[in-house]
Every structure is written in structure tokens, then in C-alpha cells.
Amino acid sequence: MIQKEKQLEWLQQHQTKEPHLGLERVRRLLSLRGNPHLQISVIHVAGTNGKGSTIAHLRQLLQAKKLRVGTFTSPYLLNYNEQIAINGLPISGEDFYSLLQSYQELLKKQADDTILQEITEFEIITALAYDYFCQQEVDVVIMEVGLGGLLDSTNVCQPVLTAITTIGLDHTAILGTTLEDIAKQKAGIIKQGVPVVTGKISSEALTVIHTIAQQCQALHIRYKKDYQVESVQGLEEGEKFRFSNAFRRKEDYQTVLLGVHQVENAGLAIELCDQYCSLKGLPLLSENEVRRALKRTYWPARLEKISKAPLILLDGAHNPHALKALLASLESHFPDYQKTILFTCIQTKALDEMLALLKMVPTSRVLLTTFEDSRSFSTGEMQCLAKREKLAYVEWLPYLEQYKKAKHGEKELLLITGSLYFLAEVRKYLMSDR
């Protein structure tokens, strides 16, 4: 146990407060491991929001083809291992720490390599994931971009298929201040001759992506043009929608994930699965196989009902684009509920814009908080903000302890939202109390 803790400490020493983008370091590291990233079949997924949910749907669809599916997602909610999984099962502690030790030893031997001296935690985990999936001989790997696309460490692969889920304003200090700027960064994952599938994206951002796809001679499969997704009905147990594409006639399906935007994520996943099967010469899933796969989909902290009595929802809406989708879903599913919203975010996020959106939610009370993390706002900063905005500030743990003991009406809910790092702490606490 002590050895494992030391390895995690070593890994965390490579954390950076601000992303340290670039491909040179991770390419150098992977070359020392025999370039495992070039020996596997990869579907590469970028986008401002919706990546995780799209990947969760897609994994179940590909598993329905009896494939061994690797997934690399971030950030994690409970531990490092869950970022790297095969058919939904996180890498074992034994495999994780064995690989981590080998990387620690390798980097120690390469201590004089000036390129590797600046390597980051995320780059090490990315390399480790490619290595693991190659060793395990998975059939296909779905890699989620960490930040942007063009210079993200995952972008060293040679994918068979790429996807861009959504484009919104996030990480503007790094990716650019306009939708066009951000689209250009996300479109950096498009490769020569490799098809790209896009989700619901505004016309100005889509034009940028389409231009880059044409330059790369990459087939561009577009939402509303090449595949159709139409929301039918919001249900207590998910979202019903209609889907059709070049392979399928119009049929009704249902995702068990709550939120009107999950219809678009599920539709994008079906299109990606059909495109992958077509590229690989595999028979398409039947309509019933698709339905069964969608009903098996699970993705935590995305409008997740963590408690029914009292009703507590978790959602990692960490930027204005995601928050607008969350609030639309809240209005769709819980229009007449009294809502308490517990919110915090990290320092790189558009705090003022998100607060303005939250304050517009009808029949609601907004509470600000903070959490233990070097990227979080301090207690003093959040208390000052609460005073300025005429909101309340609470310490989240005592507040939740009190909230669970209190009596609540049938039409009352608590929404905990903002940073996924914050939600990881909250979820761990609420799950341990079950």
C-alpha cells in the first residue's frame, strides 16, 4: 500500500495548474514503449460537452457487437483506474500500478531528456492507457480528448473514425475566445481520409470543421443532414427519440440518461457505431439490439438521481454551454418543483456567466460553496461573491448532512452542479451513506 501511495504521489507531482498542451512529450514517451498507440483501432472523440455520455452510449452499442471496447475518459469521479476501462471494467489496481511503476522507472532512466522533463500527469496517463489497451488486445478503443483537440495528448493516434460532439465557449484563455477559434482546435483531431461525425453544432463552428474536413479529404457526416435525431418525449426513466440515417429508416429509441441533450448524444453514438461497422465490414446492429444497448447505458453525475427521498440530482455542468442544456432538462422534467441549487466551479471557468444563468431559474434558491482543491475558489472569494450577488454561502458537507435529515415536500429537489472535481467529492460522500 505504501508503494502504491508513493507511485500516486510521483504521478501527482506532474500535475499542472494550467494545461500544458503539445504532442512532443507524449510522442517521445510512447516511442520508448514501442508506439502502442499506432497498433490499435481508435475512435477519437472531441467536443466541449457531451463526450462522456456519447462514449457511454457508444461503448454499449459496440459491446452489443461482441467487441472488447477500451475507453479512456476524464476526469475520474472516484479513482484513477476508472479513466481506463475495458467493457466498462476499470483497469485493475495490479495492472495500473505495475504499468505506473514501469513508467516511473522509464522516466527516471530518461532524466536527462529535456523533452520528457516537462511531461505532465495527463500525458503519462494517456500514454499508459494506449499501452494498456495494446497489451490487452482490445478490438477498438474510444479515446476522449482531454482539452481542445489539436494539441491534446490523446491526438497522437491514427484513428479509424473521429467525432466532435458540441462546440461551446470553454477554456477560452487557452482555446480562443470565439466559437470559430474553438472549432478549429477541436477539428485538429481530423485526420487525412478519416471520416468525422459531428453532433449539434452552430453553423459558424460547423463551417470551420467542414472546411478542415475537406482539406483533409475526410468524409464529414453531419447532424440533421446525414443523420436525423428528433426528441419525442421526456420520461421519468429517460428520453424517447426518433433516429434515422443512411443505414436505418426512422424508428423510435430511448436513452435511460435524463436530459434533452442526451437524445443528441445517443443519436451521435448510433451514427458512430453504424459508421464503424460499415468501415469494418460488420453487420449493423438490429433495431432491438440498439434499444437494448441504449437501456444498458450508464454515466454518473449527468443529471443523476443520487437520492430519491429527498430528491438529489448531480450534474457536472461546468461551463455555460453545458449549464444551458442542464437548465432546459430541468424545466422539461421538473417544471413545478421547488429547486435548491448548490454550485461551485474551478477558477478557469466562466463563473459570472454561469451564475447569471442559475439566477434565472424559476422557483429556485442558489447556494454557493467551495471545496478542497488547488483549482477551486477560496472560501473568502466565494463568500464575497455570495454577498455581492445577494446569495447564500454554505459549507457543502455540513449543509448536506443537515439537508438529508430535514423534511422535504414531494415537489422539492436539490441540484448539485458545477465542477466535476467537486461532484466527485459529493458523490463519494452520498454513495457511502447509502
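The values are calculated or read from the model by the stated rules, or taken from the named source; none is laboratory data. None of these values were measured; they are calculated from a predicted model. Heads up, the Cβs are rebuilt from the backbone with ideal geometry, glycines too, and the neighbour counts pull from every protein chain shown. Please note that ligands, DNA and RNA were not included when accessible areas were found on the heavy atoms of the full protein model with its side chains. Shrake-Rupley method; radii C 1.70, N 1.55, O 1.52, S 1.80 Å.
Heavy atoms only, 1.4 Å probe, whole protein assembly: order ARG222, ARG68, ARG388 by accessible area, highest first.
My answer, sorted largest first, is ARG388, ARG68, ARG222.
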Accessible area per residue, 1.4 Å probe, Å², for the chain: what's the number?
44
Let's test this: bin the Cα-Cα distances of the stretch 68-112 at 10 Å from zero up to the farthest pair and state each bin's percent.
27, 42, 26, 6
Computed label-point distance, nm, for sites TYR429 and GLU237 using a 7 Å Cα→Cβ extension:
3.2
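Could you compute the net charge surrounding PHE241? Neighbours are other residues with a C-beta less than 9 Å from the C-beta of PHE241; K and R count +1, D and E count -1.
With Lys, Arg at +1 and Asp, Glu at -1, the net is -2.
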Please work out, to two decimal places, the log10 of the ratio I(q)/I(0) at q = 0.14, 0.22, 0.27 Å⁻¹ from a Debye calculation in which every Cα of the stretch 209-288 carries one identical scatterer.
-0.51, -1.03, -1.27
At a Cα cut-off below 21 Å, give the lysines reachable from LYS280, other chains included and same-chain residues fewer than 8 away excluded.
LYS65, LYS66, LYS191
By Kyte-Doolittle mean hydropathy of at least -1.0 and Cα axial length of at least 30 Å, which whole DSSP H helices of the chain are selected?
none
Estimated translational D of the chain in µm²/s (Stokes, Kirkwood radius over Cα pairs; 20 °C; 1.002 mPa s)
95
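Counting other Cβ atoms within 10 Å of each Cβ, which chymotrypsin sites (Phe, Trp or Tyr not before Pro) in the stretch 108-174 have at most 10 and sit in a DSSP loop?
Answer by residue number: there is no such site.
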Need the list of lysines near LYS407 for cross-linking: C-alpha distance under 24 angstrom, and skip anything on the same chain fewer than eight residues off.
LYS305, LYS308, LYS339, LYS428
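For the stretch 159-299, give the magnitude of the charge dipole about the Cα centre (Cβ charges: +1 Lys/Arg, -1 Asp/Glu; no others), in debye to the nearest 20.
On the way: 17 positive and 16 negative charges, 78 e Å.
Dipole size: approximately 380 debye.
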Of the stretch 165-185, those with amide N under 15 Å from the point 7 Å along the Cα→Cβ vector of ALA356 are 169-170
For SER74, tell me the accessible area in Å² from a 1.4 Å probe, rounded to the nearest 10.
30
Spin-label zone in the stretch 3-32 - amide nitrogen under 14 Å from a point set 7 Å from the Cα of ASP113 along the C-beta vector
23-32
Hydrodynamic radius by Kirkwood, which averages 1/r over all alpha carbon pairs of the stretch 324-367, in angstrom
11.2
Computed over the stretch 9-137, Cα set: Rg, Dmax in Å
14.9, 47
Aspartates and glutamates near LYS387 by alpha-carbon distance under 16 Å, same-chain residues fewer than 8 away left out - which ones?
ASP352, GLU395
Spin-label model distance (nm) - ARG28 vs ASN288, 7 Å beyond Cα toward Cβ
5.6
Between the stretch 180-255 and the stretch 6-64, the Cα center-to-center distance that results, in Å
22
Using helices alone, what [θ] at 222 nm do you get for the chain, with -39,500 (n - 2.57) per DSSP H run of 4 or more residues, divided over all residues and rounded to the nearest 500?
-12500 deg cm²/dmol
Loop-resident sites, the stretch 337-434, for GluC sites (Glu not before Pro), counting at most 13 other Cβ within 10 Å (DSSP)
GLU372, GLU395, GLU410
Given 10 Å bins starting at zero, what is the percent of C-alpha pairs of the stretch 306-434 in each, up to the one with the largest pair distance?
12, 48, 35, 5
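Considering only protein heavy atoms and a probe of 1.4 Å, how much of the accessible area of the chain is carbon and sulfur, as a whole percent? Intermediate values should be presented prior to the final figure.
Details: 9210 of 18990 Å².
Answer for the chain: carbon and sulfur cover 49 percent of the accessible area.
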Quote the accessible area belonging to THR172 in square angstrom, nearest 10, computed with a 1.4 Å probe and with ligands, DNA and RNA left uncounted.
60
Within 10 Å of each candidate Cβ there may be at most 15 other Cβ atoms; applying that plus a DSSP loop requirement, which chymotrypsin sites (Phe, Trp or Tyr not before Pro) in the stretch 231-301 survive?
PHE247, TYR298
